[in-house]
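Everything below concerns the one structure shown next.
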Amino acid sequence: MPEILNHELRKVTLFSVILMGLTSVHHLYGAIVYHTSWRLHVLFFSIPVIVITLLLHRPLSRAVARSWVFRLYWIITLLASIILIGIFEGLYNHVLKNILFFSGFPQSGMDKLYPHGAYEMPDNLLFEITGIMQGIIVIPLVIYFVRLRQSGQKYKL
């Protein structure tokens, strides 16, 4: 595998695993602090994504990958790490929520965008910081993901 492709692959795997690990801690903490055990469902999602990402990374990094392994890795990273966790959970559920909340967005609008019971308004610093970090970590993940995809197309993976 060309070194540039291997570099991008390592970075995507790293940021994806960090994102999913942070998500696991964030939801475990939220379940405890807010007495919402339903938040633990994310662990049934995040932990398998970590395992699958690491398992798929191995053959890709050793230059024995087939194009279907690369595509599977790409799809899991795109859907699970980038869209569901990074964009939806991090950017929408935490970054946007905090921006709107602290900018004085009307409570009626907040209630529509973030219904009570499913969402907590910012009242716990650690919970919000770990949530916002998900939105921050997705930024370099997307950058390396795009580079990996472009390199993969160049080398016909």
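Tabulated data for the structure shown
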| item | result |
| --- | --- |
| Candidate set from region 93-112 (those that are touching a Leu at 6+ places or on another chain (Cβ under 9 Å) and surrounded by 14 or more Cβ atoms within 10 Å (Cβ to Cβ)); member that is farthest from residue 39 (Cα to Cα) | 105 |
| Region 33-84, subset free of Cβ contacts under 8 Å to residues at least 12 places away in the same chain and of a type in the set (Phe, Trp, Tyr), residue nearest to residue 5 (Cα to Cα) | 68 |
| Flag if residue 12 is part of a helix (DSSP H, G or I), under 19 Å from residue 90 (Cβ atoms), in contact with a Phe, Trp or Tyr (Cβ under 6 Å, 6 or more places away or on another chain) and of a type in the set (A, V, I, L, M) | yes |
| Any hit, region 44-61, residues being farther than 19 Å from residue 154 by Cβ, part of a helix (DSSP H, G or I) and among the small types (Gly, Ala, Ser) | yes |
| Residue ID - surrounded by the most Cβ atoms within 10 Å (Cβ to Cβ), chosen from residues in region 55-83 that are at pLDDT 90 or above and among the aromatic types (Phe, Trp, Tyr) | 73 |
| Residue pairs meeting the criteria (Cβ under 8 Å; at least 6 apart or on separate chains; first closer than 15 Å to residue 115 by Cβ, in region 85-104; second not in a helix (DSSP H, G or I)) | 93/114; 93/119; 97/114; 97/119; 97/121; 97/122; 101/121; 101/122 |
| Residue 118 surrounded by 13 or more Cβ atoms within 10 Å (Cβ to Cβ) and on the phi < 0 side of the Ramachandran plot | no |
| Subset of region 35-54 (residues that are surrounded by 14 or more Cβ atoms within 10 Å (Cβ to Cβ) and under 19 Å from residue 134 (Cα atoms)) | 39, 40, 42, 43, 45, 46, 47, 49, 50, 53 |
| Residue 125 being free of Cβ contacts under 8 Å to residues at least 60 places away in the same chain and of a type outside the set (Lys, Arg) | yes |
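The values are calculated or read from the model by the stated rules, or taken from the named source; none is laboratory data. Just so you know, these numbers come straight off a predicted model, no measurement behind them. Reconstructed Cβ throughout: ideal geometry from the backbone, glycine too, with neighbour counts over all protein chains shown.
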